[in-house]
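Have a look at the structure below before the remarks.
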């Protein structure tokens, strides 16, 4: 006897190329979609006036609406019966002692009429959790690059130093305190009115000096 193997059989596409994505779809069950090709990342061009999509969408919406309406009605409509079926039955044992001596019988199959006022026979209150959805579209990342010295220096974060507490009495240099304080990173914005005020004071000072010189002469 051959032992069972976990090897995945080799599959090829219509062009004869090996389908390497079969390993991704090996344990996927149901109608789940697995995005395994580069073409799946491209945007699909959908036309709004496509008759096939319109018809399919209309049928799905009509089925959903009709099911909601029928479930909300207190009295259900009588369902349409299936057509009558005739089945020709030939018994395996032939003879006058079997099947009342008949060689063949014709059986008429008729669906039993359902009572529209009949309450539901089975009470189902358990909400079955849905299974996991289709796996997401993979995100392509750029290849890893080596970290430069400048990036390493930018990633150096100074440790937290308190300006009020120093329980162990460490001697902390001033440059470390200034680096933690962050005053060097702040940009001071001076109002334009200060320049106007300084210019006006300078002009008044010049005029006052000229007036004093004129009086002295």
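The values are calculated or read from the model by the stated rules, or taken from the named source; none is laboratory data. Note that the structure is predicted; figures quoted are calculated from it, not measured. Cβ sites come from the backbone with ideal geometry, for glycine too, and all protein chains shown count toward neighbours.
On inspection, residue 126 passes the criterion of being surrounded by fewer than 10 Cβ atoms within 10 Å (Cβ to Cβ), more than 30 Å from residue 41 (Cβ to Cβ) and out of contact with any helix residue (DSSP H, G or I) (no Cβ under 8 Å at 6 or more places or on another chain).
Return yes when residue 42 is within 30 Å of residue 8 (Cα to Cα), exposed (fewer than 10 other Cβ atoms within 10 Å of the Cβ) and not assigned by TED's automatic domain parsing to the domain that holds residue 17 and no when it is not. No: the conditions fail for residue 42. Just to be sure before I move on: is residue 28 more than 27 Å from the chain's Cα centre (by Cα), closer than 30 Å to residue 132 by Cβ and at pLDDT below 80 in the structure I sent? Criteria not met by residue 28.
Matching residues to (1) in contact with a helix residue (DSSP H, G or I) (Cβ under 7 Å, 6 or more places away or on another chain); (2) within 30 Å of residue 40 (Cβ to Cβ); (3) at pLDDT below 85:
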{"residue": "137", "(1), (2), (3)": "yes, yes, yes"}
{"residue": "141", "(1), (2), (3)": "no, yes, yes"}
{"residue": "144", "(1), (2), (3)": "no, yes, no"}
{"residue": "152", "(1), (2), (3)": "no, no, no"}
{"residue": "158", "(1), (2), (3)": "yes, no, yes"}
{"residue": "165", "(1), (2), (3)": "no, no, no"}
{"residue": "169", "(1), (2), (3)": "no, no, no"}
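Just to check your reading of the model, which residue among 166, 193 is exposed (fewer than 10 other Cβ atoms within 10 Å of the Cβ) and free of Cβ contacts under 8 Å to residues at least 60 places away in the same chain? After applying the criteria, what remains is 193.
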